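A.B. asks: Take a look at this one; I'll ask things after.
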Amino acid sequence: MTAPPPVPEPASTPGPDSPFVRFDGRILDPATAVRLPGVPIPSITAYVGDTVLVSGGSEDRVQEAMRVLGERAADLGLRIAADPLADGGPRLYRDAVTAGLPLVVPVVLVPTDATGPTAPVDVWPLVQAIRADGTLPPGTVELDHLMFAAASISGNPFGVRGLASISGDPFGVRGLASVNGNPFGVRGLAGGDPSYAYAGSGGRGPVSVLIDPPVPPADGPRPRVVVLDTGVGRHPWFTADPVSDALSTPSGDPIGVDPKDPVAIATAPDGAGAAPDPMTGRLASHAGHGTFICGLLRQTCPAADIVALRIMDSDGVVPEHRLTDALTGLGLVQAAAPRSIAAVVLALGYHAEVGDGPYTAGLESQLQDLAGRGVVTVAAAGNDATTQPSYPAAFSVHDWPAGLPRVVAVAALNPDTSVALFSNDGDWVTGQAPGANVVSTAPTDAEGSAGESVGMVDEDGRRRGTIDPDDYSSGFATWSGTSFAAPVLAGRYLAALAARTAQKNSPPVVSDLAALVPLGRTAGQQGPR
């Protein structure tokens, strides 16, 4: 019997290329996007061009959605490349069916007739056709959004490649461009004030730290927190008490990008892939992002067992299917070993294309399932200086089943406890913590091409000079973003959880974060003055 063809993977190979090449990305342009009658004009968002996410509460529902998807795709000259739930498909989804987890599967579409030149696949008209059809519940077939890390003050999604260029071409994809906003210039200086992007005013820059490493208690509970981000790099704080960079499902499949894969090693944002720009040698915009988050968790909760899994590339971009696959993997781990994970930190997000409707159903169902299994999700609110909800943080105010700990959406505070100007806000932002000009760990081998402005060897042979702005051999840096407020609040929760568990001398029992730690705000509160 002939073996079935392998299921095509969405375009998601790690690498240094532009995210719109790497993920076959599209920008939803409200001026030209296919619209539905009686529905508001869609907002700008970014997504994978040839992939949709299909979700449902059971295998039968997903298969029914695949049937409808195939019919509507045929009307538009497209077909499903392969069924991800069929034999020969990824084991992850079959394991999810067995474990009773909510299914979220990426499905690749290809032209029906690909014998000659074809236009690039764009799934937006297909998604709209399925919405108009009304056969499936809203949110069953949706875009595979491109998500962006909440540490780029200059805007989302553009401005993701560091200080490589001041003007950028095209539309500012290479740095703090003259075209800013979310995405490219629709809101001006989306970060509120460009000063936050410069070292000394909140931007990433090296510092010296003269404190002893946080040491976990000799005994007592060690609540596990999973950081889905860029991974973790080398640092002395993580030698005696290592941060794990790998976690597998019960079937042995790696969750997130496999850290042992040669391509992953070469492109690791907190390792070899930190300086991907061969023309300038600049450190990537999100080099060390995960390491910085891990350091904040170590500072706020030395007892935490930290697992840092890579789903993000060095430019801070994450296709949604990478996140949903990782959450499926965590669900399998939690199902096999109940209460083994206490919290998940997510420092990424996207703005939905159609209001606050049920167009994020798959991702939300996964986070609800994890909450039911005892996992608290702490998510960065985003750095666009907007009240427009950013997901997954904005699930914080959605109606969830009673008793489930909701996602906490975290805003960033300045050192004087005022709300950072770049921080998103609104009724959906439910927590706040220090996140501007905070100090944490950086990979000790991270160094870019920018050198000191003056350097010399004096007559005694000693090296003298000014500060090298991107030499992180000290192991520490300052940085700003709601990306960093989220782990601070998560660490405070984990510390309180560990203390309560130790007092009761019993295994950790996860509860709503707000039950243990003051969130600093309620819905609609604007923070201290």
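The values are calculated or read from the model by the stated rules, or taken from the named source; none is laboratory data. Every value quoted in this text rests on a predicted model; they were computed, and no experiment measured them. When we count neighbours, we look across all protein chains shown, and the Cβ atoms used for this are built from the backbone with ideal geometry, even at glycine.
A.B. asks: Sort through Asp277, Asp315 and tell me the only one that's surrounded by 24 or more Cβ atoms within 10 Å (Cβ to Cβ), acidic (Asp, Glu) and at pLDDT below 95. Break it down into steps so the answer makes sense when it comes.
C.D. replies: Details: Asp277 fails: surrounded by 24 or more Cβ atoms within 10 Å (Cβ to Cβ).
Just a single option satisfies the conditions, and that option is Asp315.
A.B. asks: Pick from Ser449, Ser440, Ser418: which is surrounded by fewer than 20 Cβ atoms within 10 Å (Cβ to Cβ), in the same structural domain as Val344 (by TED's automatic domain parsing) and closer than 29 Å to Ala268 by Cα?
C.D. replies: Values: Ser440 fails: surrounded by fewer than 20 Cβ atoms within 10 Å (Cβ to Cβ); Ser418 fails: closer than 29 Å to Ala268 by Cα.
That would be Ser449, the only listed residue that is surrounded by fewer than 20 Cβ atoms within 10 Å (Cβ to Cβ), in the same structural domain as Val344 (by TED's automatic domain parsing) and closer than 29 Å to Ala268 by Cα.
A.B. asks: Quick check: anything in segment 286-297 assigned to a loop (DSSP other than H, G, I, E, B) and either under 23 Å from Tyr493 (Cβ atoms) or not hydrophobic (A, V, I, L, M, F, W, C) (or both)?
C.D. replies: Taking every residue of segment 286-297 in turn, at least one turns out to be assigned to a loop (DSSP other than H, G, I, E, B) and either under 23 Å from Tyr493 (Cβ atoms) or not hydrophobic (A, V, I, L, M, F, W, C) (or both).
A.B. asks: Right, something else. Test Arg79 against the stated conditions and say whether it is within 18 Å of Arg61 (Cα to Cα), surrounded by fewer than 19 Cβ atoms within 10 Å (Cβ to Cβ) and of a type in the set (D, E, K, R).
C.D. replies: On the way: within 18 Å of Arg61 (Cα to Cα): no; surrounded by fewer than 19 Cβ atoms within 10 Å (Cβ to Cβ): yes; of a type in the set (D, E, K, R): yes.
So Arg79 fails the test.
A.B. asks: Give me the pairs: first residue in segment 68-86 and over 20 Å from Thr115 (Cβ atoms), second residue polar (S, T, N, Q) and not in a loop (DSSP other than H, G, I, E, B), beta-carbon distance under 9 Å, and six or more apart or on different chains, which are they?
C.D. replies: Cβ pairs passing all conditions: Asp83/Gln63; Leu85/Gln63.
A.B. asks: Of everything in segment 5-39, what is more than 27 Å from Pro278 (Cβ to Cβ), at pLDDT 60 or above and exposed (fewer than 15 other Cβ atoms within 10 Å of the Cβ)? Give them in sequence order.
C.D. replies: Asp29, Pro30, Ala31, Thr32, Val34, Arg35, Leu36, Pro37, Gly38, Val39 - these are the residues of segment 5-39 that are more than 27 Å from Pro278 (Cβ to Cβ), at pLDDT 60 or above and exposed (fewer than 15 other Cβ atoms within 10 Å of the Cβ).
A.B. asks: Now, a different point. Quick one: which of Val232, Val215, Val227 is assigned by TED's automatic domain parsing to the domain that holds Ser473 and modelled with pLDDT under 95?
C.D. replies: Values: Val232 fails: modelled with pLDDT under 95; Val227 fails: modelled with pLDDT under 95.
One residue alone meets the criteria, Val215.
A.B. asks: The conditions are (1) farther than 23 Å from Ser480 by Cα; (2) at pLDDT 95 or above, and Gly290 fails exactly one of them. Which is it?
C.D. replies: Failing condition for Gly290: (1).
A.B. asks: I've got another one for you. Are there any pairs, at least 6 apart or on different chains, whose C-beta atoms fall under 8 Å, with the first in segment 480-508 and among the charged types (D, E, K, R) and the second at pLDDT below 95, and if so, which?
C.D. replies: Within 8 Å, the pairs are Arg492/Val517; Arg500/Leu516.
A.B. asks: Within segment 254-272, identify whether any single residue is of a type in the set (A, V, I, L, M, F, W, C), buried (at least 18 other Cβ atoms within 10 Å of the Cβ), part of a loop (DSSP other than H, G, I, E, B) and in contact with a Phe, Trp or Tyr (Cβ under 7 Å, 6 or more places away or on another chain), and answer yes or no. Break it down stepwise before answering.
C.D. replies: Here is the first cut: in segment 254-272, the ones of a type in the set (A, V, I, L, M, F, W, C) are 255, 257, 263-266, 268, 272.
Okay, now just the ones that are also buried (at least 18 other Cβ atoms within 10 Å of the Cβ), so 255, 257, 264, 268.
Checking which are part of a loop (DSSP other than H, G, I, E, B) leaves us with 255, 257, 268.
Next, from what is left, pick out any that are in contact with a Phe, Trp or Tyr (Cβ under 7 Å, 6 or more places away or on another chain): none.
There is no residue in segment 254-272 that is of a type in the set (A, V, I, L, M, F, W, C), buried (at least 18 other Cβ atoms within 10 Å of the Cβ), part of a loop (DSSP other than H, G, I, E, B) and in contact with a Phe, Trp or Tyr (Cβ under 7 Å, 6 or more places away or on another chain).
A.B. asks: Could you count how many residues in segment 198-230 are under 24 Å from Val378 (Cβ atoms), out of contact with any Asp or Glu (no Cβ under 9 Å at 6 or more places or on another chain) and of a type in the set (A, V, I, L, M)?
C.D. replies: 3
A.B. asks: Go through Gly520, Gly491 for me and flag whichever is in contact with a Cys (Cβ under 8 Å, 6 or more places away or on another chain) and under 22 Å from Val345 (Cβ atoms). Full working, then the answer.
C.D. replies: Details: Gly520 fails: in contact with a Cys (Cβ under 8 Å, 6 or more places away or on another chain).
None of the other options fit; the residue is Gly491.
Residue by residue, here is whether (1) at pLDDT 95 or above; (2) acidic (Asp, Glu); (3) in contact with a Gly (Cβ under 9 Å, 6 or more places away or on another chain); (4) not assigned by TED's automatic domain parsing to the domain that holds Glu142 holds:
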| site | (1), (2), (3), (4) |
| --- | --- |
| Asp50 | yes, yes, no, no |
| Arg61 | no, no, no, no |
| Leu69 | yes, no, no, no |
| Asp83 | no, yes, yes, no |
| Gly88 | no, no, no, no |
| Leu92 | yes, no, yes, no |
| Val104 | yes, no, yes, no |
| Thr115 | no, no, no, no |
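A.B. asks: Can you tell me which condition Ala272 does not meet? The list is (1) touching a helix residue (DSSP H, G or I) at 6+ places or on another chain (Cβ under 9 Å); (2) farther than 24 Å from Thr478 by Cα; (3) without any contact (Cβ under 8 Å) to a residue 12 or more places away in the chain, and all the others hold.
C.D. replies: Result: Ala272 passes all but (2).
A.B. asks: Further, regarding this structure: Taking Gly465, is it within 30 Å of Pro213 (Cα to Cα), in contact (Cβ under 8 Å) with a residue 40 or more places away in the chain and either surrounded by fewer than 24 Cβ atoms within 10 Å (Cβ to Cβ) or assigned by TED's automatic domain parsing to the domain that holds Thr45 (or both)?
C.D. replies: Against the criterion (within 30 Å of Pro213 (Cα to Cα), in contact (Cβ under 8 Å) with a residue 40 or more places away in the chain and either surrounded by fewer than 24 Cβ atoms within 10 Å (Cβ to Cβ) or assigned by TED's automatic domain parsing to the domain that holds Thr45 (or both)), Gly465 does not qualify.
A.B. asks: With respect to the numbered conditions (1) on the phi < 0 side of the Ramachandran plot; (2) within 17 Å of the chain's Cα centre (by Cα), which one is the sole condition not fulfilled by Gly382?
C.D. replies: Unmet condition: (1).
A.B. asks: Now for a different question. Being among the aliphatic types (A, V, I, L, M) and free of Cβ contacts under 8 Å to residues at least 24 places away in the same chain is the filter; apply it to segment 97-147 and report the residue that is surrounded by the most Cβ atoms within 10 Å (Cβ to Cβ). Explain how you work it out, then say what you get.
C.D. replies: From segment 97-147, those among the aliphatic types (A, V, I, L, M) are 97, 99, 101, 103-105, 107-110, 114, 119, 121, 123, 126-127, 129-130, 132, 136, 141, 143, 146-147; that's our starting set.
Adding the requirement that they be free of Cβ contacts under 8 Å to residues at least 24 places away in the same chain leaves 114, 119.
Values: Ala114: 9, Ala119: 7.
My answer is Ala114.
A.B. asks: Something else: Just to be sure, is Ala284 among the aliphatic types (A, V, I, L, M) and under 22 Å from the mean Cα position of the chain (by Cα)? Even if it seems obvious, please write down each step before you answer.
C.D. replies: Working: among the aliphatic types (A, V, I, L, M): yes; under 22 Å from the mean Cα position of the chain (by Cα): yes.
It is true that Ala284 is among the aliphatic types (A, V, I, L, M) and under 22 Å from the mean Cα position of the chain (by Cα).
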